[in-house]
1. Cβ neighbours within 10 Å, averaged per peptide: list 374-382, 207-215 in order, most packed at the top.
2. Are any of the pairs 216/390; 216/387; 367/390; 304/395 more than 29 Å apart by Cα-Cα distance, and if so, which?
3. Starting from the Cα-Cα distance between residue 360 and residue 87, subtract it from 0.36 nm times their residue separation and give me the gain in nm to one decimal.
4. Taking R0 as 30 Å, what FRET efficiency do you get between residue 196 and residue 295 from their Cβ-Cβ distance, rounded to the nearest 0.05?
5. For residue 251 and residue 302, what is the calculated FRET efficiency with R₀ set at 56 Å and r taken between the beta-carbons, to the nearest 0.05?
6. Using a simple spin-label model with points 7 Å from Cα along the Cα→Cβ vector, what separation in nm is obtained for residue 426 and residue 99?
7. Contour minus end-to-end for residue 286 and residue 351, with contour as 0.36 nm per residue of separation and end-to-end as the Cα-Cα distance?
8. Per residue of the range 272-284, what does 6.51 cos²θ - 1.76 cosθ + 1.60 with θ = phi - 60° give for ³J(HN,Hα)? Whole Hz please, x for Gly and Pro, Karplus curve as stated.
Amino acid sequence: MKNMPHAHTLTHKNTHTPKLLCIFGTGDLGRSLGQRLLQTGYRVVYGSRRPQSCGPLPPGAQVLSHTEAAQLASLIFICVHREHYDFLETLAPQLKGKVFVDLSNNQKKDMYPDTNAEYLQSTVHLKTNIPTSHLQVFLCGDSAEAKQAVRELATRLGLSVLDRGSLSAAREVEDFPLQLFPEWRLPLCIATGLTAFFFFYLLIRDIIYAYVEQDKDISFRIMVSLANKVFPIVSLIMLSLCYLPGVMAAILQLYRGTKYSRFPDWLDRWMLCRKQLGLLALALAFLHVLYTFIIPIRYAVRHKLISTMKDNKSTPFYFDNTEAWATDSFFVLGIMGFFLYFLLGLTSLPSVGGSLSWREFTFVQSKLGHLTLIVCTAHGYIYGWNKFLKPSTYKWWTPPGYMLCLVVPSVVLVLKLLMVLPCVDRSLGRIRQGWERTGKIAINRNSQLIVS
């Protein structure tokens, strides 16, 4: 809020004791909600079936059994799937007269005859039950009255207010406008590293090889031909890197038999930058399209065509039906792949993605995303066509760049195919809904759940 100086550093003392809120569920949603409520200045107590081993929680939060937590707070958030609501019936005496905020989401449309809110209202006999709502904020301070005044002013100005909690969050708010693309650093490093590697790799294979072995100077190809090989190679690898961490996370959950164990920090960071990886992949694909369009008007191509016409040279033309199919398929897959690429990038825009429902957004980013990867990978395989087994393809015993770039997307697609097998998909779905493999549970030094 630039037009209202010092709005984020209000200094009025809050004489009221922060309200205590209860959250049932210590999964991803419960932890995120608790962190946000703590930043807003509330006290948070978690109700868990395993208070002693529920995994890392936001600093400042308390964790108790469901019964103890329900007795302390008058407002309770429920962040568990409906399949696990049965424990609420045993808490009916403690929940009588409480206000419930239901934040759970069903896996399918019309999964149950009644809504979750209606079910809770009728089963547990709550005083009030509120269905899922969404909060927005960029304000902090210790005085609720002062923040309310700023909130009303900002609302009247047509601004969207996000409450970041107490005055301790002032540094975060102040530093936020000063950050320089923090979420883009890792994707840019990956894109730069891959581009540099394949540029020098293809420079050696194509340009230096021709100069050393064939005594040809084709260094002019660096500007267009070489670049037009590097861009699609890096684009396809980065697209596959958008979906590889999701597969790795699924394998890790299947191995551990629980979703409550934290992922490694490197995997968390990787998953958080998938959007940026995808947008950079789209940018490189767009450059590939532009470079392909200018190939016919290059000086080298026009010079070769004019020389052939002046010399009145002609070669017999033999129609190869197989080669025609391969060429047309190559171009069609390229066009369709870029169209799907563009569609994925379009839905990444906040103005577009915000207008989609959760199911629509998931369908585009997951289903169409994997379809894009399949189409673009097929585009690369057809480009190679019958060159994979020709000895002349391997200059200085090195494979061409397009062969190397097909390794990562092929691995991702094979692993994804294994994940959608009914037996694997069923187990993974149960784990993500809260089921855990029976066994002895221990906590390691990082407070992560280990299931043996």
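A short reminder: the numbers here are calculations on the coordinates, not readings from a lab. These numbers come from a predicted model, not from an experiment. Because the Cβ atoms are built from the backbone with ideal geometry, glycine has one as well, and the counts that use them run over all protein chains shown.
1. Details: 374-382: 19.6, 207-215: 12.9.
Descending mean neighbour count gives 374-382, 207-215.
2. Working: 216/390 22 Å; 216/387 22 Å; 367/390 36 Å; 304/395 25 Å.
Check vs 29 Å cut-off fails for 367/390.
3. Working: separation 273, 0.36 × 273 = 98.28 nm, distance 3.21 nm.
Gain in length upon complete extension: 95.1 nm.
4. Numbers: r = 23 Å, r/R0 = 0.78.
Using R0 = 30 Å, I get an efficiency of 0.80.
5. Numbers: r = 52 Å, r/R0 = 0.93.
The computed FRET efficiency comes out at 0.60.
6. 4.4
7. On the way: separation 65, 0.36 × 65 = 23.40 nm, distance 2.16 nm.
Here the segment from residue 286 to residue 351 would lengthen by 21.2 nm.
8. 6, 10, 5, 4, 5, 4, x, 5, 5, 4, 5, 4, 5
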